[in-house]
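Student: Take a look at this one; I'll ask things after.
The values are calculated or read from the model by the stated rules, or taken from the named source; none is laboratory data. These figures come from a predicted structure and were not determined experimentally. Note that we place each Cβ from the backbone using ideal geometry, even for glycine, and neighbour counts take in every protein chain shown. Please note that ligands, DNA and RNA were not included when accessible areas were found on the heavy atoms of the full protein model with its side chains. Shrake-Rupley method; radii C 1.70, N 1.55, O 1.52, S 1.80 Å.
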Amino acid sequence: MANQEAPRKGFADALIRLGEKHDNLVVLDADCAKSNMTNLYKNRFPERFFNIGISECDLVGTAAGMAVAGKVPFANAYANFLTGRAFDQMRISVCYSNNNVKIVGHNAGTSAAQEGATHLPLEDISLMRSLPRMTVIVPADAIEMEKAVEAAYYHDGPIYLRVGKLPVPIVTKKEEPFKIGKAIKYREGSDITIISTGIMLDESLKAVGELEKQGVSAELLHIHTIKPIDKEAIIASAAKTKHVITVEEHSIIGGLGSAVAEVLSESQPAKLRRIGTNDRFGVSGKMDELLDFFELRAHRIVSTANELLGHRVTS
């Protein structure tokens, strides 16, 4: 079994490293510091940590004010409440005003499993994508999370960063480059393109391996930045394979699948299937149980690829 680590641990480690270098980095939390692991930053830099309380609107408004004063605020809360309740503050005080605020949505996707069905953020990427000037980043694991946090700090402008709570397999490598807006190609292929984001990179890698055994040459693109999306990489791959599958731990409405569909429909038409949670709310259960329930597994990617390809399977 691959090594596992919680993405929130990578987030906290990177935040502390940056805090040691930059006095202008401040962290705000909506009374979830222990769960979000921002308590580690609080312990190291108590004068640069602010618990705003369970008040997501105040959290974002305060962060915007700190950005105006020259700080680089990371505003942390559970993703479902943060993106839902504080949408207006993000729209006006952060994005419209173009303030340099980093919005951090925790308990992302199925990692909120044991919090209960109402706590599953399966629409947060869609909401954040719709905001002008907002960059949206969805790392695959704790290693990529550390790179994303560093890139977010040095990026001048609003960013939404999606952070998972529970341990997931480490599938990326420290030496791999990370650049906002640039996809990473994990496999070359010629029959079909699989495009993943977030923790679905792990299942996508498994699917590519299984498809290879079946004689299918699958190309795998990992999209850690959903906005701005790497149009060039998507168009180049779709032009080669003519068949595309998107895989995300999020609603298929408004997330990665929608973003890729927009690119393909405008620039490089191709057959497309979107794998994610469909037009529905979450349910309660353990994370593995939810991934099974939503069929966010390699076997579904494989069966979808074969369905999409039909007779084009390479012998």
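Student: List the number of the failed condition for residue 46; all other conditions in (1) in contact (Cβ under 8 Å) with a residue 12 or more places away in the chain; (2) at negative phi; (3) out of contact with any Cys (no Cβ under 7 Å at 6 or more places or on another chain) hold.
Tutor: Failed condition: (1).
Student: Could I ask something else about it? Restricting attention to the range 4-20, does a residue exist that is charged (D, E, K, R), more than 26 Å from residue 174 (Cβ to Cβ), crowded, with 22+ Cβ neighbours inside 10 Å and touching a Gly at 6+ places or on another chain (Cβ under 9 Å)?
Tutor: For the range 4-20, residues charged (D, E, K, R), more than 26 Å from residue 174 (Cβ to Cβ), crowded, with 22+ Cβ neighbours inside 10 Å and touching a Gly at 6+ places or on another chain (Cβ under 9 Å): absent.
Student: Kindly establish whether residue 63 is under 21 Å from the mean Cα position of the chain (by Cα) and open to solvent by less than 20 Å² (accessible area, probe 1.4 Å).
Tutor: No.
Student: Find the residue count for the range 210-248, including only residues that are part of a helix (DSSP H, G or I) and either in contact (Cβ under 8 Å) with a residue 12 or more places away in the chain or open to solvent by less than 10 Å² (accessible area, probe 1.4 Å) (or both).
Tutor: Looking only at that region, the number is 11.
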